[in-house]
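Reviewing the structure listed below.
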Amino acid sequence: MRRSPSLAASVTPPQWCDQANNQVWATRTQACIWQTVTYTTYRVTNGQRTTTGQANLIVMQYNYTDTGQGRYAHQIDTSMYGGWGDATKATIDGQATLSGPCTRNSATFPAKPLSPVNSWNTGESFFDSSLVGPATKGKCKTQWYLTFNNAGYDPAVVDYSMNEVRCDNATAGRPGIGCVIPWAASNLVYTRTAAPELADHVSKAQASGLPSRLTRTEDQTVIDSNRTKACGSAPSVPGKSCDEYPIASSQQGLNAGGTRRTHPGCGFNGVPAGTGPVGVSVCMIAVADNNSQGGTNTQFFRRERVLQDDPFNVVVQ
């Protein structure tokens, strides 16, 4: 179903969009969904309806944006993959509309014939966030209205919408507006080369059943509670500091319930081992590793615009 880049009037959607059949697939800055639609022509004579043609089309919607810009695109691509009769003689064009805190920058989908089979027609629209002031965020719903025109038949209209992009001016340490797909999780990566003890602890914590998919909290009261309950009674070990997983800036910390667990060599005598998805793992790790984790987390949340209630993945490499 994927069109050739040589036919692209604008952006060629990524290959993984092929999997987005009737379900939105997304990364932090891209979202796709494709569906099928049938355009049918008919005539009514003496109360009798006679079908005179059908055209079967793929319709792919593609949102793409950038964490450093307040502009995003809603592209729509159509391709007839089969048909017969008068329906295949139609042309198709589109109009883009919106609702919510954004303005339309531009939109174009000139009228083009459906035929030949497996040729792609593209509409491209760009929208700008209209958020005003700091600490603001919002989502805009964008729609394409596609019109089938055919000599001797009434126009037929079908609409497609997406509400995947959130823009914000609320990311700490990153002034200005940027946009993301907020429900798509990016990877917060800890590397064994940069922070070996941190990576080792997180690996053991996840192997014990604690989740790799976490949810951000920006509530300082929750963050402080997570840290205190996990590390408030940590032992004093020269050159080491207490690390907890899930991280304190997640909603999966001890503030949400559960108990502490640990692992051999972590320095927490009297704290049992444990398994399962609830609770927190604690371990005394090198101060340098723990300090680097704080910077890594901050840079990640800023770069990916991970705000309150946004998901993210913790990955060890």
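The values are calculated or read from the model by the stated rules, or taken from the named source; none is laboratory data. Every value quoted in this text rests on a predicted model; they were computed, and no experiment measured them. Glycine gets a Cβ as well: all are built from the backbone with ideal geometry, and neighbour counts include every protein chain shown.
Among the strands (runs of 3 or more DSSP E) confined wholly to segment 1-99, which include 2 or more residues that are modelled with pLDDT of 95 or more, surrounded by 15 or more Cβ atoms within 10 Å (Cβ to Cβ) and in contact with an Asp or Glu (Cβ under 8 Å, 6 or more places away or on another chain)?
On the way: elements: 30-45, 48-64, 71-85, 91-99.
In segment 1-99, 30-45, 48-64, 71-85 are the strands (runs of 3 or more DSSP E) which contain 2 or more residues that are modelled with pLDDT of 95 or more, surrounded by 15 or more Cβ atoms within 10 Å (Cβ to Cβ) and in contact with an Asp or Glu (Cβ under 8 Å, 6 or more places away or on another chain).
Any residue at all in segment 185-193 that is at negative phi and surrounded by fewer than 13 Cβ atoms within 10 Å (Cβ to Cβ)? Working first, answer last.
At the first step, the residues of segment 185-193 found to be at negative phi are 185-193.
Remaining after also requiring surrounded by fewer than 13 Cβ atoms within 10 Å (Cβ to Cβ): 193.
Scanning segment 185-193, I find at least one residue that is at negative phi and surrounded by fewer than 13 Cβ atoms within 10 Å (Cβ to Cβ), so the answer is yes.
Which of (1) in contact with a Lys or Arg (Cβ under 9 Å, 6 or more places away or on another chain); (2) surrounded by fewer than 19 Cβ atoms within 10 Å (Cβ to Cβ); (3) in a strand (DSSP E or B) is the odd one out, the single condition N118 does not satisfy?
(3)
Given the conditions (1) touching a residue at least 60 places away in the same chain (Cβ under 8 Å); (2) outside the structural domain of D310 (by TED's automatic domain parsing); (3) within 15 Å of E304 (Cβ to Cβ), report the number of the one that R216 does not fulfil.
(2)
Would you please name the residue that is nearest to P182 (Cα to Cα), looking only at residues in segment 203-252 that are in contact with a helix residue (DSSP H, G or I) (Cβ under 9 Å, 6 or more places away or on another chain) and among the β-branched types (V, I, T)?
Among residues in segment 203-252 that are in contact with a helix residue (DSSP H, G or I) (Cβ under 9 Å, 6 or more places away or on another chain) and among the β-branched types (V, I, T), the one nearest to P182 (Cα to Cα) is T217.
Return a yes/no flag: does segment 240-248 have any residue that is touching an Asp or Glu at 6+ places or on another chain (Cβ under 6 Å), in the same structural domain as S212 (by TED's automatic domain parsing) and β-branched (V, I, T). Break it down into steps so the answer makes sense when it comes.
So in segment 240-248, the residues touching an Asp or Glu at 6+ places or on another chain (Cβ under 6 Å) come out as none.
Scanning segment 240-248 turns up no residue that is touching an Asp or Glu at 6+ places or on another chain (Cβ under 6 Å), in the same structural domain as S212 (by TED's automatic domain parsing) and β-branched (V, I, T).
Among the residues of segment 265-279, is any aromatic (F, W, Y) and more than 15 Å from S186 (Cα to Cα)? Working first, answer last.
Filtering segment 265-279 for residues aromatic (F, W, Y) gives 268.
Keeping just the survivors that are more than 15 Å from S186 (Cα to Cα) gives 268.
Among the residues of segment 265-279, at least one is aromatic (F, W, Y) and more than 15 Å from S186 (Cα to Cα), which makes the answer yes.
List the residue pairs whose Cβ atoms are under 8 Å apart, where the first residue sits in segment 145-161 and is under 19 Å from S125 (Cα atoms), the second is charged (D, E, K, R), and the two are 6 or more positions apart or on different chains.
Y145/D159; L146/D93; L146/D159; T147/D93; S161/K141
Would you be able to tell me the number of residues in segment 269-289 that are crowded, with 20+ Cβ neighbours inside 10 Å and not aliphatic (A, V, I, L, M)? Steps first, answer last, please.
First, pick out the residues of segment 269-289 that are crowded, with 20+ Cβ neighbours inside 10 Å: 279-285, 289.
Narrowing further to those that are not aliphatic (A, V, I, L, M): 279, 281, 283, 289.
Qualifying residue count for the region: 4.
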